[in-house]
Every structure is written in C-alpha cells, then in structure tokens.
Amino acid sequence: MSLANAAPRTGRHGPPGGAHRKGSAPGGRNAGAWFLVLPALIPILVLSVGPLLYGIALAFTDAQSGRTRATRWTGTLNFQDLLHDGLFWESFRIGLVWAVGVTVPQFVLALGLALLLNENLRMRWLARALAIIPWAMPEVIVGIMWRLVYHPDAGILNETLRDLGFGDGRDWLTGLATALPAVIVVGIWAGMPQTTVALLAGLQNTPRDLHEAAALDGAGAWRRFRTVTWPAIRPVALSITALNFIWNFNSFALVYVLTSGGPGGRTRLPMLFAYEEAFRYGQFGYAAAMGCVMVAVISVILAVYLAGRLGGGDER
C-alpha cells in the first residue's frame, strides 16, 4: 500500500481531527463575535472611554489655557481646593435641587399621562403623537422657545397674567426667587415624553386579565393600581427614574440657553460651573477635577440603584 493510499481520507464525515476542529469552534465564534462588535466598540472607546480617562488624568495637573510652560503634575491639589470651594458646593446643591425638582414631578405627571393614554379613548393616536412632541425638539430649540414664553414684555405667560388681572407680570428668568422654579418647569415639560413612553410600554405589557380579575373581586381603581398595575411597571419606573435623575443632574444645554447659570448663580448647575471654569477662566485641570467628582457621584447613585435591583429580588 502506498503512502498516498494510507493517507487519512477526508470524506463527507470530515477529517479524523474532527474532534480538534469541534473544540476550536468556540474560539472561532468568539473571534467572529468580537469582529462584529468592533464597529460599535471603537467609537465608544474613542469618543467616551478615551476622553474620560484623559479627563481623569487632567484632574491631577495644573493644566490651563494659553500658558506657555509645560503642564505639571499636581497630585490631589485640585481636589483639595474643591473641598474648600463654596461656590462649587453651592452649585452642587442647586444641581441636586434641580435634579429632584425635575425628576419627581416629571415621573408623577408622566405616569398620569401614561395611564390616560393607555385607556381606550377616541383619537388616542393623536394624543400619543402630541405627547411626544417635546422629545422631538432639540434642547436648544426648547430653551429658545421657553425664553420667548417667559419674556417679560411680550411673553405669552405675562400676557395671559395681564389679561387675567394678575398684575403686569414679572421677569421670570432673571428674578432671584423665580429663576430656578421657572427653569425646573421647562425641564419637566421637556423630559416628560420619554418617561411617558417608557411607562406606557410597561402598562401595555400588563396582562388585562389581571385587571379584569381584580375588578370582579370588587377592587376599585386605586386598589387595582396598587396591586396589579404598579407591581407590573415597577421595574420600568425604577429604571427610568434613575436614568432621569442622572440625565437631569448632568444637564447643560437647556439651562445654559435659558439663564446661562444666572441670575447671581441661582441656576448654576455643576456642569455649568465646570464649563465656566474650563472655557471662561481657562482652568482645565480644576474643571476636570469637578468632572471627576460628578462622575463619582453618579457612580455611587448607579451602584445604589443596581444594588437595590439585584439585592431586592426583582425578577423583571
């Protein structure tokens, strides 16, 4: 028998090394999966992870704009200065007031609107379309539109108050007592659509037979909501509330267009304060330290939220 005839045959059953090929298949699949993920992973690394790491490194330096000498490593000096910066902690307090003041009413109003839109109403499709209009508008456009609404002389709000006999109105965005509440109202209006859509999706996934069974047992509207509706939408509600709080705390464009942080710093959110330090005063290292503190706060909030979800026995 020749060596050619003695060679392993490779028929339709595959070579004798089939076991080896089978064992190497998972590695090939993993390589293929990474190849498919790379187009989405590369922009995240370049546009998100990279700048984040660079910003963290910048926080430990004395980087400034327009300087001729090299940037020096200063260690934790910027963070030590932050501990004694009363303006930053005041902006931090305003950011928390803004985030809570927007997130809580936003959720309550969106829940009521979602419950209404979930009912079998006439022209429900039109109401749903109108409800998401603010979501389709850029924050800059929303800010410009509401500046016109709040305009002290020609704004529709003051014109309405004059027609109703409530005086000559006021300058809502420049008053020390009214600026932050006025901006919070805009934040609630602008953020309601995505909360409404998320809650409406949760409501539509609630089995209707559960409501019918509760109604047959004599449960009223409030009891049905408490025992059937809320347990079904609770995971969605917790998720969208946590995300809304993070988004609101990190707000920039809307408040910047409306008030630029004024009057007298009454609406200067932490992100606005960091922006001013970096691009108005050129203190890039100090602004980066502020950003690190905000990232740390958001990370703690996320950790608490995830711990509650994972440790609370939430199955959905």
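Descriptive notes on the structure:
- Among the residues of the stretch 233-256, those identified as of a type in the set (Val, Ile, Thr) and more than 19 Å from Ala177 (Cα to Cα) are Ile233, Val236, Ile240, Thr241, Ile246.
- Residue among Phe273, Phe284 that alone is over 21 Å from Val104 (Cβ atoms) and open to solvent by 60 Å² or more (accessible area, probe 1.4 Å): Phe284
- Residues in the stretch 197-216 that are over 23 Å from Leu130 (Cβ atoms) and either surrounded by 12 or more Cβ atoms within 10 Å (Cβ to Cβ) or out of contact with any helix residue (DSSP H, G or I) (no Cβ under 9 Å at 6 or more places or on another chain) (or both): Thr206, Arg208, Asp209, Leu210, His211, Glu212, Ala213, Ala214, Ala215, Leu216.
- Residue among Thr196, Thr178 that alone is without any contact (Cβ under 8 Å) to a residue 24 or more places away in the chain and among the hydroxyl-bearing types (Ser, Thr, Tyr): Thr178
- Matching residues in the stretch 157-176 - criterion: being of a type in the set (A, V, I, L, M) and assigned to a helix (DSSP H, G or I): Leu157, Leu161
- Applying the criterion of being among the charged types (D, E, K, R) and not in a loop (DSSP other than H, G, I, E, B) to the residues of the stretch 137-156, the residue that is surrounded by the fewest Cβ atoms within 10 Å (Cβ to Cβ) is Arg147.
- For Leu238, the stated conditions do not hold, so it cannot be described as under 30 Å from the mean Cα position of the chain (by Cα), open to solvent by 40 Å² or more (accessible area, probe 1.4 Å) and at pLDDT 90 or above.
- Some residue of the stretch 288-298 being buried (at least 21 other Cβ atoms within 10 Å of the Cβ) and on the phi > 0 side of the Ramachandran plot: no
- Whether a residue is part of a loop (DSSP other than H, G, I, E, B), surrounded by 11 or more Cβ atoms within 10 Å (Cβ to Cβ), over 35 Å from the mean Cα position of the chain (by Cα) and at pLDDT below 85 was assessed, and Arg9 does not pass this test.
- For the criterion of being within 21 Å of Gly262 (Cβ to Cβ) and surrounded by 14 or more Cβ atoms within 10 Å (Cβ to Cβ), Asp85 passes.
- Scanning the stretch 45-75 for residues that are in contact with a helix residue (DSSP H, G or I) (Cβ under 9 Å, 6 or more places away or on another chain) and not small (Gly, Ala, Ser) yields Leu52, Tyr54, Ile56, Leu58, Phe60, Thr61, Asp62, Gln64, Thr71, Thr74.
Listed here are the residues, each with its yes/no results for (1) more than 17 Å from the chain's Cα centre (by Cα); (2) farther than 19 Å from Trp189 by Cα; (3) at pLDDT below 85.
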site	(1), (2), (3)
Thr76	yes, yes, no
Leu83	yes, yes, no
Leu96	no, no, no
Val100	no, no, no
Leu116	yes, no, no
Ala127	yes, no, yes
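- So Leu121, is it of a type in the set (A, V, I, L, M), in a loop (DSSP other than H, G, I, E, B) and either open to solvent by 50 Å² or more (accessible area, probe 1.4 Å) or modelled with pLDDT of 90 or more (or both): yes
- All positions within the stretch 217-231 that are surrounded by fewer than 18 Cβ atoms within 10 Å (Cβ to Cβ) and not β-branched (Val, Ile, Thr): Asp217, Gly218, Ala219, Gly220, Ala221, Trp222, Arg223, Phe225, Arg226, Trp230, Pro231
The values are calculated or read from the model by the stated rules, or taken from the named source; none is laboratory data. Everything numeric in this text was worked out from a predicted model, so none of it was measured. Note that each Cβ is placed from the backbone with ideal geometry, even for glycine, and that neighbours are counted across all protein chains shown. For accessibility, only protein heavy atoms count, side chains too; no ligands or nucleic acids. Shrake-Rupley method; radii C 1.70, N 1.55, O 1.52, S 1.80 Å.
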